[in-house]
Amino acid sequence: MIILQGKGYRQVLKFVPMLILGIESSCDETGIALYDSASGLLSHALHSQVAMHAEYGGVVPELASRDHIRRVVPLLRSTLENAGKSLAEVDAIAYTRGPGLSGALLVGCAFAEALALALDKPTIPVHHLEGHLLSPLLSSDPPTFPFVALLVSGGHTQLMRVDGVGRYELLGETLDDAAGEAFDKSAKLLGLPYPGGALLSKLAEQGDPEKYTLPRPMLHSGDLSFSFSGLKTAVLTLVRERQAVAGEVLDEVFKADAARAFQEAIVEVLVKKSLKAMKQTGLKQLVVAGGVGANKQLRATLNDEARRKRFRVHYPELEFCTDNGAMIALAGCLRLQAGTPAKLAGDFAVQPRWPLMEMSVSGK
Ligand code: KG4
Ligand code: ZN
């Protein structure tokens, strides 16, 4: 059953297979995808702005918005072409309404709403984090509800109990920096180019895990809260101490050892808190979503623990760990199937700040 709703208007439609177009533009990736409710993901296309922002050392919001404008139409064309579909066959348009950069979000929103108006199709505004949260359902071995989710992205670090679409309970979250933010800031301190998270983790593979030991913030706090700003400061202190004895320029061996020490610390905290959440809830499935979920050491350690403690860990496919259009199309489709009304096109509004718990019926 699909409910179509606008101001003073509500229509209940029977559930039929639907073709959902998904549009993601919340930060520095433009993602487009076509998801068929009956047969799954048909095609998707992505453009990353990483190379463009790299020379500025971080995302420049104005440049991000302009680049989304440049990319969105060609990406839509190739997505349709690869799926062998036409715009006329699209039943609804899902797009990221927030959270994210307001200008970047507005590009996706304006494009989606205008396209929907022209095609006379409804829209489904999607919460970006809900997209991440549900993205493991795109994999060939998807989890089933209920599960615990560890959401680790550039802007968020949360542990959640997920009982279904829109049925979320926050178990714990970071009090300051997000895990991805800690990766990126520590990478910058080690002189790695933006976005440093993935580069730092690659460098850490060559590092000696015994060389330095960094603090494990809030490991014994007794709850499921995180705090990573102190860990970043510990990396800064390590770098300063090294520079005091070896000069300003950091050598590759030091960088690799420091990267390894950072990764050992953050992975241990993320894993131990996830284990605590599994024990607390008694659930048998853990889902890891968001960019940091691509981290190899995090995956290897969680997999070992899961084997030992007899629970299963599910990850999105690597290409769907970071921002993409497929998770937005999927979240839009699942929302419709769960009875969330689609909207009449023409509501040009974004929500740059938007707590995920507002999407939860239980709202805990
Ligand atoms: O989910 P995402 O694409 O964007 C947000 O919604 O924030 O996550 C991006 C974050 C960045 O902080 C990036 O450094 C981090 O994910 N990241 C990684 C790895 N790949 C991406 N962090 C650790 N190890 C990785 N392999
Ligand atoms: Zn994201």
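The values are calculated or read from the model by the stated rules, or taken from the named source; none is laboratory data. Just so it is clear, the structure is predicted and the values come from calculations on it, not from any experiment. Every residue, glycine as well, gets a Cβ built from its backbone with ideal geometry; the counts of neighbours run over all protein chains shown. Protein only, heavy atoms only, side chains kept; ligands, DNA and RNA dropped before computing areas. Shrake-Rupley method; radii C 1.70, N 1.55, O 1.52, S 1.80 Å.
Scan the stretch 69-81 and report the pairs whose first residue is farther than 18 Å from LEU105 by Cβ and at pLDDT 95 or above and whose second residue is hydroxyl-bearing (Ser, Thr, Tyr) and surrounded by 13 or more Cβ atoms within 10 Å (Cβ to Cβ), with Cβ atoms within less than 6 Å and a gap of 6+ or a chain change. Cβ pairs passing all conditions: THR79/SER43. Set side by side, the residues ALA244, ALA256 differ, and just one is of a type in the set (Gly, Ala, Ser) and surrounded by 11 or more Cβ atoms within 10 Å (Cβ to Cβ), which is ALA256. For the stretch 20-40, the set of residues classified as farther than 12 Å from ASP67 by Cα and surrounded by fewer than 24 Cβ atoms within 10 Å (Cβ to Cβ) consists of ASP36, SER37, ALA38, SER39, GLY40, listed by residue number. All told, LEU159 falls short of being within 14 Å of ligand 1 (Cβ to nearest atom) and open to solvent by less than 10 Å² (accessible area, probe 1.4 Å).
Hey, does the stretch 177-197 have a residue that's within 21 Å of the chain's Cα centre (by Cα), among the acidic types (Asp, Glu), within 16 Å of ligand 2 (Cβ to nearest atom) and outside any loop (DSSP other than H, G, I, E, B)? Yes: one or more hits.
Table: residues versus (1) assigned to a loop (DSSP other than H, G, I, E, B); (2) over 27 Å from GLY282 (Cβ atoms); (3) more than 16 Å from ligand 1 (Cβ to nearest atom).
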{"residue": "ALA112", "(1), (2), (3)": "no, yes, yes"}
{"residue": "LEU115", "(1), (2), (3)": "no, yes, yes"}
{"residue": "ALA118", "(1), (2), (3)": "no, yes, yes"}
{"residue": "PRO125", "(1), (2), (3)": "no, yes, yes"}
{"residue": "LEU129", "(1), (2), (3)": "no, no, no"}
{"residue": "PRO136", "(1), (2), (3)": "no, no, no"}
{"residue": "ASP141", "(1), (2), (3)": "yes, no, yes"}
{"residue": "THR144", "(1), (2), (3)": "yes, no, yes"}
{"residue": "ALA149", "(1), (2), (3)": "no, no, no"}
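For the stretch 41-64, a residue qualifies if it is crowded, with 17+ Cβ neighbours inside 10 Å, in contact with a Pro (Cβ under 9 Å, 6 or more places away or on another chain) and in a loop (DSSP other than H, G, I, E, B), and exactly one does: VAL59.
Can you tell which of GLY325, GLY339, GLY291 is under 30 Å from ALA114 (Cβ atoms) and not assigned by TED's automatic domain parsing to the domain that holds ASP28?
Only one candidate qualifies: GLY291.
In the stretch 284-308, the residues that are part of a helix (DSSP H, G or I) reach residues that are of a type in the set (Lys, Arg) and more than 16 Å from ligand 2 (Cβ to nearest atom) with C-beta atoms within less than 8 angstrom, at least six apart or across chains, in these pairs: GLY293/ARG299; ALA306/ARG312.
For ALA104, the test of being within 16 Å of ligand 1 (Cβ to nearest atom), more than 15 Å from GLY332 (Cβ to Cβ), in the same structural domain as ILE69 (by TED's automatic domain parsing) and surrounded by 24 or more Cβ atoms within 10 Å (Cβ to Cβ) is passed.
Say whether the condition of being in contact with a helix residue (DSSP H, G or I) (Cβ under 9 Å, 6 or more places away or on another chain), in the same structural domain as ASN295 (by TED's automatic domain parsing), small (Gly, Ala, Ser) and part of a loop (DSSP other than H, G, I, E, B) is met by at least one residue in the stretch 228-246. No, every residue in the stretch 228-246 fails to be in contact with a helix residue (DSSP H, G or I) (Cβ under 9 Å, 6 or more places away or on another chain), in the same structural domain as ASN295 (by TED's automatic domain parsing), small (Gly, Ala, Ser) and part of a loop (DSSP other than H, G, I, E, B). Of everything in the stretch 267-322 that's aromatic (Phe, Trp, Tyr) and open to solvent by less than 30 Å² (accessible area, probe 1.4 Å), which residue is nearest to ligand 1 (Cβ to nearest atom)? Only one residue tops the list, namely PHE320.
Within the set LEU117, LEU80, the sole residue that is under 16 Å from ALA329 (Cβ atoms), of a type outside the set (Phe, Trp, Tyr) and more than 16 Å from ligand 2 (Cβ to nearest atom) turns out to be LEU80. When restricted to residues that are within 16 Å of ligand 2 (Cβ to nearest atom) and either touching a His at 6+ places or on another chain (Cβ under 8 Å) or at positive phi (or both), the stretch 271-298 contains 4.
Within the stretch 247-262, can one find any residue that is modelled with pLDDT of 95 or more, more than 30 Å from GLU305 (Cα to Cα) and not in a loop (DSSP other than H, G, I, E, B)? Checked against the condition, which is being modelled with pLDDT of 95 or more, more than 30 Å from GLU305 (Cα to Cα) and not in a loop (DSSP other than H, G, I, E, B), the stretch 247-262 yields at least one hit.
Suppose the filter is at pLDDT below 95 and either over 19 Å from HIS127 (Cβ atoms) or more than 18 Å from the chain's Cα centre (by Cα) (or both); does THR301 pass it? Even if it seems obvious, please write down each step before you answer.
On the way: at pLDDT below 95: no; either over 19 Å from HIS127 (Cβ atoms) or more than 18 Å from the chain's Cα centre (by Cα) (or both): yes.
No, not satisfied.
Flag: MET218 matches the condition of being in contact with a strand residue (DSSP E or B) (Cβ under 7 Å, 6 or more places away or on another chain), at pLDDT 95 or above and open to solvent by 20 Å² or more (accessible area, probe 1.4 Å).
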